[in-house]
2 protein chains.
Amino acid sequence: MKNIYIIGVGLIGGSIAKDIRHLNPEITIYGIDSNPEHLDEALVLQIIDAKAEFGDLKNADAVILAVPVDAAVTILPEVLDLIHDDTLVMESGSTKVAICKAVEKHNKRRNFLATHPIAGTEFSGPKAAVEGLFRGKTNIICEVEKTAFKLQERALAIFQVMGMRIRYMNPKDHDKHIAYVSHLSHISSFMLGKTVIDKECNERDIFDMAGSGFASTVRLAKSSPDMWTPIFKQNKVNVLETLEEYIQNLNRFKNYMEADNFEAIHKEMSNTNHIKEILNGIH
Amino acid sequence: MKNIYIIGVGLIGGSIAKDIRHLNPEITIYGIDSNPEHLDEALVLQIIDAKAEFGDLKNADAVILAVPVDAAVTILPEVLDLIHDDTLVMESGSTKVAICKAVEKHNKRRNFLATHPIAGTEFSGPKAAVEGLFRGKTNIICEVEKTAFKLQERALAIFQVMGMRIRYMNPKDHDKHIAYVSHLSHISSFMLGKTVIDKECNERDIFDMAGSGFASTVRLAKSSPDMWTPIFKQNKVNVLETLEEYIQNLNRFKNYMEADNFEAIHKEMSNTNHIKEILNGIH
C-alpha cells in the first residue's frame with residue numbers, strides 16, 4: 001500500500017490518517033473533502049500529504065470513506081465505479097444496513113469492506129483528529145465474506161497499525177445493538193441538555209452548580225447534528241425501539257417516586273449498579 | 001482550629017479530611033462512622049488521625065457531617081445538642097431544605113452552616129477519597145445569615161484551603177436548581193444503564209461495542225443507591241418536575257422521528273449544541 005485516499009478528513013477520517021502514517025514510510029495520504037476549508041486545515045496540520053479529487057481515485061491502493069452516513073450511501077457506489085480492480089474501499093459510519101444495501105449488487109462489491117471503528121469524541125473536523133484514537137477499541141466488520149480475501153488482509157494490516165480489536169457481525173445485528181450502546185446515549189444526552197437549558201436559560205449562574213457528573217452525562221450533546229441526524233434517520237426502527245424502552249423505564253421510575261415507593265427506587269438503582277463490571281475495559 | 005471531627009468518612013468526608021490536613025500543622029482529625037470497617041480503613045489510609053464517638057464532640061472546634069441526607073436530618077440536631085458554644089458544625093449533602101428545616105428552631109442554630117460542596121465521583125467509601133477533589137469547584141452556602149459571623153469565618157478558612165468558590169443561595173432555590181443540574185442526570189444515567197442491561201443481558205459481547213460515549217453517559221449509574229435514594233425522597237417535588245420535562249422532551253424527539261421530521265431532529269440537536277459554551281469551565 002502506497003497511495004491511500006481519505007474521503008472526509010474530519011474527526012474519524014483525520015484520526016485514521018494520523019495512525020496510518022505509521023503503516024510504512026513510503027505511504028502518501030491524499031485527502032478529499034466537500035469542505036475546502038477542512039481540506040486546507042488537514043493539509044496544514046499534516047494529516048494529509050496532498051489534496052485530491054474523485055478522478056484521482058484510480059491511483060488508490062486503499063480508499064477510506066469517513067463521511068456522514070447519508071453521504072456515504074451516495075458516495076460509496078461512485079467510489080467503487082472509479083477505482084481499479086485491486087483497490088480496497090472501506091467505510092466507517094455508525095450504521096451498516098443501508099451502506100451494505102447500497103452496494104450489494106455493485107460489480108466491485110468484493111473491493112468493499114464494511115467497518116465500524118467504534119471510537120470518537122464529541123468534537124468534529126480535522127482539528128479534532130487525534131493519533132491513537134482507535135487504540136484498544138473495537139472495530140466491527142460486517143459481511144466479511146463478501147470482500148476479496150486479499151483485500152481483507154490489506155484492511156487487517158491497517159487495523160493492526162491502528163491497534164483495533166476486530167469483531168465480525170452481520171449488518172442487521174450491528175445496527176440493532178449499536179442503537180442501544182451508542183445511538184440511544186446520544187439522544188438521552190441531547191434531551192438532558194435541552195431540559196436543563198430550557199429551564200435555566202435565564203439563570204446562567206445556575207451552571208456554576210453543575211458538577212462533573214452533569215458534564216459527563218451531557219457530553220455527547222456537543223456532538224455534530226450533521227453527523228447524527230442521518231444516523232437516526234437510517235437506523236430509525238432500532239433507535240425508536242430503544243427510545244421507547246428508555247421512556248418506559250423513566251416513567252416507571254417516576255411512578256415509583258410518585259407512589260413514594262423508594263424501596264423500588266433503591267432496587268432499580270442497585271440492579272443497575274453492576275454496569276460497573278460491564279464498563280470495566282471501556283475507556 | 002485544632003480538633004476537627006468528620007462524621008461519615010466516605011468519598012466526601014474522606015476527601016474533605018485530606019484537604020483539611022493542610023489547614024495547619026497541629027490539626028487532629030477525628031473520624032466517626034456507623035460502619036466500623038470504613039472507620040478502620042480511614043485510619044489505615046491516614047485520612048483520620050483517630051477514631052471517635054459522639055460523646056467526644058464536646059471537644060470539637062469543627063464538626064463536618066458527610067452522611068446520606070436522610071441520616072443527616074436525624075444526626076444534625078443530635079450533634080448540635082452535644083457541641084460546646086463555640087463549635088462550627090457543617091453539613092455537606094445534596095439537599096438543603098429538609099436539613100435546614102430540621103434545625104431551624106434548635107438553640108444552637110447559629111453554630112450550624114448549611115453547605116453543598118459540589119464535587120464527587122461515582123465511587124464511595126474511604127478508598128474513594130481523593131485530595132483536591134473540591135479544588136476549583138463550587139460550594140453553595142445556604143442561609144448564611146443564620147450562622148454566627150465568627151463561625152462563618154472559620155468555615156471560609158476551611159473552604160479556602162479546599163480551593164472552593166463560594167456561592168450563596170436559599171435552600172429552596174438550591175434544591176430546585178440542583179434537581180436539574182445534578183439529580184436528573186443520575187436518573188437519566190441509571191435508566192439508560194437499565195435499558196441497555198435489560199436488553200443485552202444475555203449478550204455480554206455486545207458491550208464490546210460500547211464506546212467511550214456510552215461509558216460517559218452511564219458513568220453515574222455506578223453511584224451508590226444508599227446515597228441517592230434519600231436524595232430523591234427529600235427532593236421529590238423538584239426531581240419529579242425535572243423528570244416530567246425530560247420525558248416530555250424525549251417523547252417529542254420520538255414523535256419527530258416517527259413522523260420522519262428529521263429537520264426538527266437536526267434543529268433540536270443544534271439548539272442544544274451550545275451546551276458546549278455552558279460546560280466550559282466544568283471539569
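Observations on the model:
- Candidate set: segment A:238-258, residues that are of a type in the set (Asp, Glu) and either under 26 Å from B:Glu263 (Cα atoms) or touching a Gly at 6+ places or on another chain (Cβ under 6 Å) (or both); chosen: the one farthest from the other protein chains (Cβ to nearest Cβ): A:Glu241
- Filtering segment A:198-209 for residues that are in contact with a strand residue (DSSP E or B) (Cβ under 6 Å, 6 or more places away or on another chain) and of a type in the set (D, E, K, R) leaves a non-empty set.
- Selection status of B:Ile64, in contact with a strand residue (DSSP E or B) (Cβ under 7 Å, 6 or more places away or on another chain) and buried (at least 21 other Cβ atoms within 10 Å of the Cβ): yes
- Remark: A:Thr115 falls outside the filter, which requires a residue to be at pLDDT below 95 and out of contact with any Lys or Arg (no Cβ under 8 Å at 6 or more places or on another chain).
- Residue-level check: of (1) modelled with pLDDT under 95; (2) of a type outside the set (Gly, Ala, Ser); (3) in contact with a His (Cβ under 9 Å, 6 or more places away or on another chain), A:His174 misses just (1).
- Residue identified as in a helix (DSSP H, G or I), of a type outside the set (Ser, Thr, Tyr) and surrounded by fewer than 18 Cβ atoms within 10 Å (Cβ to Cβ) among A:Asn251, A:Asn238: A:Asn251
Residue-by-condition table, conditions (1) within 30 Å of A:Leu184 (Cα to Cα); (2) among the polar types (S, T, N, Q); (3) assigned to a loop (DSSP other than H, G, I, E, B):
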| position | (1), (2), (3) |
| --- | --- |
| A:Leu76 | yes, no, no |
| A:Val89 | yes, no, no |
| A:His106 | no, no, yes |
| A:Arg110 | no, no, no |
| A:Gly120 | yes, no, yes |
| A:Phe123 | yes, no, yes |
| A:Lys127 | yes, no, no |
| A:Leu133 | yes, no, yes |
| A:Ala155 | yes, no, no |
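- Residue ID - farthest from B:Gly93 (Cα to Cα), chosen from residues in segment A:202-222 that are among the polar types (S, T, N, Q) and surrounded by fewer than 23 Cβ atoms within 10 Å (Cβ to Cβ): A:Asn202
- The set of residues in segment B:9-19 that are under 20 Å from B:Glu53 (Cβ atoms) and assigned to a helix (DSSP H, G or I) comprises B:Gly13, B:Gly14, B:Ile16, B:Ala17.
- Selection from segment B:127-154 of residues that are within 15 Å of the chain's Cα centre (by Cα) and either assigned by TED's automatic domain parsing to the domain that holds B:Val218 or of a type outside the set (Gly, Ala, Ser) (or both): B:Val130, B:Leu133, B:Phe134, B:Arg135, B:Lys137, B:Thr138, B:Asn139, B:Ile140, B:Ile141, B:Cys142
- Residue in segment B:149-157 that is modelled with pLDDT of 95 or more, surrounded by fewer than 17 Cβ atoms within 10 Å (Cβ to Cβ) and charged (D, E, K, R) present: yes
- Among the residues of segment A:135-148, the ones that are at pLDDT 95 or above and not in a loop (DSSP other than H, G, I, E, B) come to 7 in all.
- Residue that is surrounded by the fewest Cβ atoms within 10 Å (Cβ to Cβ) [pool: residues in segment B:164-193 that are in a strand (DSSP E or B) and more than 9 Å from chain A (Cβ to nearest Cβ)]: B:Tyr168
- Considering segment B:204-237, the residues that are under 17 Å from A:Thr272 (Cβ atoms) and more than 7 Å from chain A (Cβ to nearest Cβ) include one that is modelled with the lowest pLDDT, namely B:Arg204.
Per-residue answers, yes or no, for (1) among the aliphatic types (A, V, I, L, M); (2) under 23 Å from A:Gly31 (Cα atoms); (3) surrounded by fewer than 23 Cβ atoms within 10 Å (Cβ to Cβ):
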position	(1), (2), (3)
A:Thr87	no, yes, no
A:Lys96	no, no, no
A:Ala114	yes, yes, no
A:Glu131	no, yes, yes
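- Here B:Phe232 meets each of (1) crowded, with 20+ Cβ neighbours inside 10 Å; (2) free of Cβ contacts under 8 Å to residues at least 12 places away in the same chain; (3) not aliphatic (A, V, I, L, M) with one exception, condition (2).
Conditions (1) in contact (Cβ under 8 Å) with a residue 60 or more places away in the chain; (2) hydrophobic (A, V, I, L, M, F, W, C), marked per residue:
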residue: B:Ser188; (1), (2): no, no
residue: B:Ile197; (1), (2): no, yes
residue: B:Glu241; (1), (2): yes, no
residue: B:Glu258; (1), (2): no, no
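The values are calculated or read from the model by the stated rules, or taken from the named source; none is laboratory data. This is a predicted model, so every value here is computed, not measured. Please note: Cβ atoms are built from the backbone with ideal geometry, for glycine as well, and neighbour counts cover all protein chains shown.
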